[in-house]
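All remarks here apply to the structure that follows.
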Amino acid sequence: MSTQSPDCFQCHHFYVTWDAAAPRGCRHFGFKTTLLPAQVVLSSSGQPCQAFEPRPMPQKPAAPPRGQRGDR
Ligand code: SF4
């Protein structure tokens, strides 16, 4: 078990809210905060977050089929 809090910015569950008073959210635990969610988890439970899931890597867009690239 890791003793370090994970990086919420790299986590699948992290999101930026529309709430200016609490701009960072965790969908897994269902809360919004001004801090990083993992900091809240650590301070409230005394344990680093165990629910981290890596954010999927963005896929490269597929090349358009020949003749549809805008070139002549
Ligand atoms: S699950 Fe843990 S690491 Fe992921 S956003 Fe929530 S608090 Fe951060």
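The values are calculated or read from the model by the stated rules, or taken from the named source; none is laboratory data. Predicted model only: the values in this text are computed from it and were never measured. Note that we place each Cβ from the backbone using ideal geometry, even for glycine, and neighbour counts take in every protein chain shown.
Just so you know, in the stretch 5-28 the residues that are assigned to a loop (DSSP other than H, G, I, E, B) and within 8 Å of the ligand (Cβ to nearest atom) include one that is nearest to Pro58 (Cα to Cα), and it is His12.
Residue pairs whose Cβ atoms lie under 8 Å apart, separated by 6 or more positions or on different chains, with the first residue in the stretch 5-16 and touching a residue at least 12 places away in the same chain (Cβ under 8 Å) and within 13 Å of Phe31 (Cα to Cα) and the second of a type in the set (Lys, Arg) and within 8 Å of the ligand (Cβ to nearest atom), are His13/Arg27; Phe14/Arg27; Tyr15/Arg27. If you check Arg66, Arg24 for being at pLDDT 95 or above and either exposed (fewer than 15 other Cβ atoms within 10 Å of the Cβ) or within 13 Å of the chain's Cα centre (by Cα) (or both), only one passes: Arg24. Inside the stretch 27-62, can you point out the residues that are more than 14 Å from Phe9 (Cα to Cα), touching a residue at least 40 places away in the same chain (Cβ under 8 Å) and surrounded by fewer than 15 Cβ atoms within 10 Å (Cβ to Cβ)? Result: Gln50, single match.
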